[in-house]
Every structure is written in structure tokens, then in C-alpha cells.
Protein chains: 2
Amino acid sequence: MACAGDCPVARTARLIEGKWTTRIIRDLLGGTKRYSELQHSLAGISPKVLADRLKFLEREGLLSKTVYPVVPPHTDYTLTPLGMQLADLIAAMAAFGMRLPPAGAAPRNP
Amino acid sequence: MACAGDCPVARTARLIEGKWTTRIIRDLLGGTKRYSELQHSLAGISPKVLADRLKFLEREGLLSKTVYPVVPPHTDYTLTPLGMQLADLIAAMAAFGMRLPPAGAAPRNP
DNA sequence: CGGTATCCGTATCGATACTG
DNA sequence: CAGTATCGATACGGATACCG
């Protein structure tokens, strides 16, 4: 029951933490994407944060990056088989999010 | 495909964010717990962080708190029906965490 | 196009001490 | 037992400008 700081839940939490991480993965579950495609679909993300998260996810083995040395540059981001196993998790998040009352409305008795 | 900053995934991410949040929920999925039980099972958490997270989760309607006005004090924390619907999500996190290589080992070919 | 570099504000986490 | 008070560290997210 007690989990000693590196239980499965904690390890996963560490990977998907962050405001944008799960949204990046969600977008990539729809297939390979380019940097600019992600920046567009994740409206509001700054280039630094996007690059940070992509680097992090790559280091963690959840996605892979393919650079085509052409001009103009072309880079593809794709989930690895490991990353694709997050599909269930993202689906669970989406399912729960839909059951959620809109915004921070207090579910008391108003 | 594009999610506009408050898509289901984003809303869920906001709720389960934080280093300890999912672990608290995980423990509570095992049944009602007292403050000190949580503090014990979540080894390493500070009282402030635990109280903060519990308050947050309560405000978000994911758990409810029952105070027994006895001495010494006795407080119970229980997941609400809404909070219990996180079971699938936590299960997915646990399942993924078990498929995960131990620690930050690069899954390349060494 | 696909990033880096810089700088900044703040949320979050954390330890420790103390209290009703 | 169940928290609160305080203070500090830092990681995270964000805006803007610029480079290969």
C-alpha cells in the first residue's frame, strides 16, 4: 500500500508532470508531428517550454526526433513504442476531464 | 485535434498536477485514511504540502474531509464519487509505471 | 523552420518549529 | 493528532529577441 517514493504511480507522475506534457503526448498520439505543428496546436506554449518538454520526453525515451537536414529545416517528433503505451493513460485523462464540471465551480449546494 | 487550453486532458492535468497528488489519491482509493496515515504512507511529505494538497483536492471536489471533534483530534479523508472516478487514471499510471525501465536509464542500445 | 538565449515572476516544494 | 506559521530554494512556465 505504502509506496516508497518510486512506486509505479510516482515514476509515471514524474514523466507526465508539467502543464503541457500530457497535451504534447496527446497530440503525438495522433501521429508524427513537426515542431511548428505542435506549437500551433498547443496554442499559447512558448518555444522554450516546447523545446524543453520535447527534450525531456526524448531523454526519457517517450518520443524520438528525426531531423531532415534540408533547408528550410524539417524535424519530426514521433512517440516511441514506450510513449505510445501512454495512450490508455491519456484516454483516462480525457474521459475524466469530460466528466468534470466546467471550471473551478464549487460542487457544493449553491 | 487542437485543444484550446481547457480540453479534457488539460483540465485533468491541472487537477492531478503536483508531485504528491496522484499518490494521495492512490492511497485514498484503498479507502478512507486519516491525516497521519497519509503522512506515514507518503513517506517524506511535509505536513504543509500534505495539508495544501488535501485542501486543494477538497476544494476541487475530489475528496471530502470528516472531522470528529474529539480529543485527540481525528480527521478522515475519503474520495468523493468524483474522486473515485480517477481509479482508471491511477490504474493506467500504475500499469505504465511498471512497464517503465528502472530509473532514468536510456532505453537505447547500450 | 526550428530552435537558443536571456530574463523574469511565481507556484510549488521543502524543513523546521510551533499550536489548538 | 492534525494541522498552521515562516522562511527559503528552485524548478517551472512565460515573453521576447535573435541565430543557424
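Tabulated data
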| read-out | value |
| --- | --- |
| Beta carbon of chain B nearest to the axis of the rotation taking B to A, residue and angstrom distance | B:ALA92, 2 |
| Pairwise burial A:B, computed as accessible area of each alone minus the pair, summed, 1.4 Å, Å² | 3800 Å² |
| Å² of accessible area per residue within the range B:18-95, as computed with a 1.4 Å probe and no ligands counted | 50 Å² |
| Solution diffusion estimate, µm²/s, Stokes-Einstein, chain A, Kirkwood Rh from C-alpha pairs, 10 °C, viscosity 1.306 mPa s | 101 µm²/s |
| Cut-off under 5 Å, modelled amide H: who pairs with B:LEU79 long-range | B:SER64 |
| Inter-copy separations for B:ALA91, label at 7 Å along Cα-Cβ, nm, ascending | 1.2 |
| Rounded accessible area of B:VAL71 (nearest 10 Å², 1.4 Å probe) | 140 Å² |
| Extent along principal axes [Cα atoms of the protein assembly as shown; Å; largest to smallest] | 73, 46, 26 |
| At 7 Å out from Cα toward Cβ: A:LYS19 inter-copy label distances (nm, ascending) | 2.0 |
| Label geometry 7 Å along the beta-carbon vector: B:LYS55 inter-copy distances in nm | 3.6 |
| Estimated distance in nm for a label pair at A:HIS74 and A:ASP52, the labels positioned 7 Å out from Cα along Cα-to-Cβ | 3.1 nm |
| Chain A: relative contact order as a whole-number percent, Cα under 8 Å and 6+ apart | 25 percent |
| Neighbourhood net charge (13 Å Cβ-Cβ; Lys/Arg +1, Asp/Glu -1) for A:THR32 | 0 |
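The values are calculated or read from the model by the stated rules, or taken from the named source; none is laboratory data. Here the structure is a predicted model, which means the values were calculated and not measured. Cβ sites come from the backbone with ideal geometry, for glycine too, and all protein chains shown count toward neighbours. Each accessible area value is taken on the protein alone, full model and side chains, heavy atoms only, with ligands, DNA and RNA left out. Shrake-Rupley method; radii C 1.70, N 1.55, O 1.52, S 1.80 Å.
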